[in-house]
Amino acid sequence: MSYVDEVLQRVRKKDPDQPEFYQAVRECFDTVRPLVDANEKLYRENAVLERFVEPERMISFRVPWIDRNGAVQINRGWRVQFNSAIGSYKGGIRLRSTVNESIIKFLGFEIVLKNALTGLPMGGAKGGSDFDPKGKTDREVMNFCQSFVTELFKYVGSHMDCPAGDIGCGSREINYMFGQYKRLTGLFDGSFSGKDPNFGGSLVRREAAGYGLGYMAEEMAEAYGKTIRGKTVVVTGSGNVAIYAVEKCQQLGAHVIAMCDSDGYIVDPDGIHLNIVKQIKEVQRGRIREYADLVPRASYTPGPGIWNIPCDIYLPCATQNEISPESAETLVRNGVFLIAEGANMPADLDTIHYFQNHGVLYMPDKAANAGGVSVSGLEQTQNAMRFSWTFEEVDARLKIIMHDIFEKVSRTAAAYGMPNNYLAGANLYAFQRVAAAMIAQGIV
Ligand code: NDP
Ligand code: 2IT
C-alpha cells in the first residue's frame, strides 16, 4: 500500500466520526501523490504525512453565557492550532449550530495549505462554536463573545494565534472578542483581524475574500483569452464573501443574477441590486426573500436549487458540500465554464473531478478565497507597524497576491504535467512548502 493510502486509512480509523476532516485530507493527499511518491523515503523518515494530519493542538472548552431571559446557556468552543511550520497560527472562527470537531478540523487542515499559498508568514488554525448568532440580540451575542474569549485569550496573541471571522462571525463579533481580549490582557495588538478600521482593522478586510474571488475569476478567464465582463454569474450565499464577490464581479462588468441564503434563492434577471442586499443582510440582518418584496421583477424560490439557474460562472460562497453530484451535472448541462470556490470545500473530490473532466475551469477554495486571510495578514502587519494603509494600497496588494497565487498554482500544475488542474497545482505547491519547513525544523 502506498504511503498516502496508509495514512488515509489511519485517519479514517482514528477519527471515524469526522467525515469532513477525512474529505479534506483525502482531497489534498490524493492530489499530492506524485510529490509524496518522489520523496517517499524522506517523508516517511520524517513522518511528514502522519504529522500533517495531527493538529499541533486542539482546545475544547465550555462557553457559559446568560440569555435575554436571564437563563444560563452552555455552548462548546474550539480552537484547532493545526500547523505553525511557516508562521504563527492564523484563521477564522465559525459560529453556527452545526459546528463540530470534524468541521473545525477540516477548516484548520485546509487553511494550513491556503496560508502557504499567500506568500505571507502564516501557519493555520481555525475555531468556532455551536452557538448561532442568528435570532440573538446584540447583548446576547456580546455575552457569548466575551465568555468565548475569556477562555480563548490564553491561547491567542499577535505572535501566537490571530483569529478572524468565518460563517456567523463578522465584524460585530470580532469587535466584541477583541474588546474582551484587550480587557483581559491589557494589550492593544494584532491579536484579532477583521476589527473595525476605526481601531486597527485593515481597510478592505471586509471586502477581501469576495474581491479576491472576483480577481481570481478574472485571472482564470484571462488565461483562456476570455474575460468575466458580460458573463452571467450566480453567487451562492448572501453573507460576507458572497456580497463582496458580487460587488467585484459587477465592477468587472459581469452580470450577477442570483444569490441565496439557507432558506431559498432570489433571481433578478436585470442584475442584483447590491445596495438592497447589503441593506437586508448587513444592516437589518434579514432574509434574502425580502429582496423580492422590494424588487418587483425579482423572484424568490424557497428551498435549495439555485444551481438550476443557467450561468457562465458559478461562485459557491455559502458552505461545505453545497454542490451535490446532481447539482454539478445540472451546472455542466447548463453550460457553466468557470467555477471558483468562495466557500471552504463546497464540493468533494469526485465532484471536482467531474467538473474538470467536463472542461470546466475549476479553482479550489484554498487558492480562490485566500484574499480574506491575506488581508488579515496585512492587518497584522499594519498593527505591528502601528500604521494603516489606504483602501487603494491594500486593494492593490490584494490584487497582486491573487495574481501571484494564480501564477503559483498554474505553474505548479503545468510542472507536474497537469496543466489547468488548479486543484493539483494548489495542493502540490502548498503541501511542498509546509512539508519542507516541517522537515527543516526537525521532529516537533
Ligand atoms: P456569512 O455568515 O457571512 O454568510 C454565510 C452565507 O452562507 C449566508 O448567506 C448563509 O445563509 C449561507 N449559508 C450557510 N450555510 C448554508 C447552507 N447550508 N445552505 C445555503 N446557504 C447557507 O459567512 P461568510 O460569507 O464569511 O462565509 C461563507 C463561506 O466562505 C464559508 O464557507 C467560509 O468558510 C468561507 N470563507 C470565509 C472567509 C471570511 O473571511 N469570512 C474567507 C474565506 C472563506 P443563512 O443566513 O441562512 O445562514
Ligand atoms: O477561511 C478563511 O480563510 C477565513 N475564515 C479567514 C481567516 C482569516 O484569518 O482571515
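Computed from the coordinates by the stated procedures, all read-outs in this text should not be read as laboratory data. Remember, predicted model here, so these are calculated numbers, not experimental data. FYI the Cβ positions are ideal-geometry reconstructions off the backbone, even for glycines, and counts take in every protein chain you see.
Quick one: which residues, 5 or more positions from residue 254 or on another chain, have an amide H under 5 Å from its amide H? H modelled 1.01 Å from N in the peptide plane, none for Pro or chain starts.
Amide H neighbours of residue 254: 230.
For the pair residue 279/residue 250, report the inter-label distance in nm, with labels modelled 7 Å from Cα in the Cβ direction.
Taking the simple label geometry, residue 279 and residue 250 are separated by 1.2 nm.
Under a 5 Å amide H to amide H cut-off, with H placed in plane at 1.01 Å, what residues pair with residue 83 once short-range neighbours are removed?
Hits under the 5 Å cutoff: 56, 124.
Under a crude label model (7 Å from the Cα following the beta-carbon direction), how far is residue 187 from residue 71 in nanometres?
Going from the residue 187 label point to the residue 71 one covers 3.8 nm.
Order these peptides, 380-388, 120-128, by their mean beta-carbon neighbour count within 10 angstrom, highest first.
Highest mean packing first, the order is 120-128, 380-388.
What list of ³J(HN,Hα) values in whole Hz, one per residue of the stretch 174-180 in order, does the Karplus curve 6.51 cos²θ - 1.76 cosθ + 1.60 (θ = phi - 60°) give from phi, with Gly and Pro shown as x?
3J(HN,Hα) across the stretch 174-180, in whole Hz: 5, 4, 5, 5, 4, x, 6.
For the pairs 248/399; 226/399; 114/226; 134/182, note any where the Cα-Cα span goes beyond 23 Å.
Working: 248/399 12 Å; 226/399 18 Å; 114/226 26 Å; 134/182 26 Å.
Exceeds cut-off: 114/226; 134/182.
From the square roots a ≥ b ≥ c of the eigenvalues of the alpha-carbon gyration tensor of the chain, which class results: rounded (a/c under 1.5), prolate (a/b over b/c), or oblate? Kindly include the intermediate steps, with their values, before the conclusion.
On the way: a/c = 1.44, a/b = 1.03, b/c = 1.40.
Cα axes put the chain in the rounded bin.
Label-point separation (nm) for residue 330 and residue 6, each offset 7 Å from Cα along Cα-to-Cβ?
Going by the 7 Å Cα→Cβ label model, 4.4 nm.
Tell me, what HN-Hα J-couplings in whole Hz come from the Karplus equation 6.51 cos²θ - 1.76 cosθ + 1.60 at θ = phi - 60° for each residue of the stretch 295-304, using x for Gly and Pro?
10, x, 7, 7, 10, 10, 10, x, x, x
Using alpha carbon coordinates only, what is the Rg to Rh ratio of the stretch 70-143, with Rh defined as the Kirkwood radius?
1.09
Against the empirical 2.2 N^0.38 Å scaling, what ratio does the C-alpha Rg of the stretch 37-170 come to?
1.18
To the nearest 0.05, how large is the calculated FRET efficiency for residue 299 and residue 37 if R₀ is 45 Å and r is the Cβ-Cβ distance?
According to the calculation, E is roughly 0.30.
Taking the Cα centre of the chain as origin, work out the dipole magnitude from +1 charges on Lys and Arg Cβ and -1 charges on Asp and Glu Cβ, in debye rounded to 20.
Values: 48 positive and 52 negative charges, 190 e Å.
Dipole about the Cα centre, nearest 20: 920 debye.
Using the count of nearby Cβ atoms within 10 Å as a rough guide to exposure, how do 353, 255 rank from fewest to most?
Numbers: 353 16, 255 19.
With the sparsest Cβ surroundings first, the list reads 353, 255.
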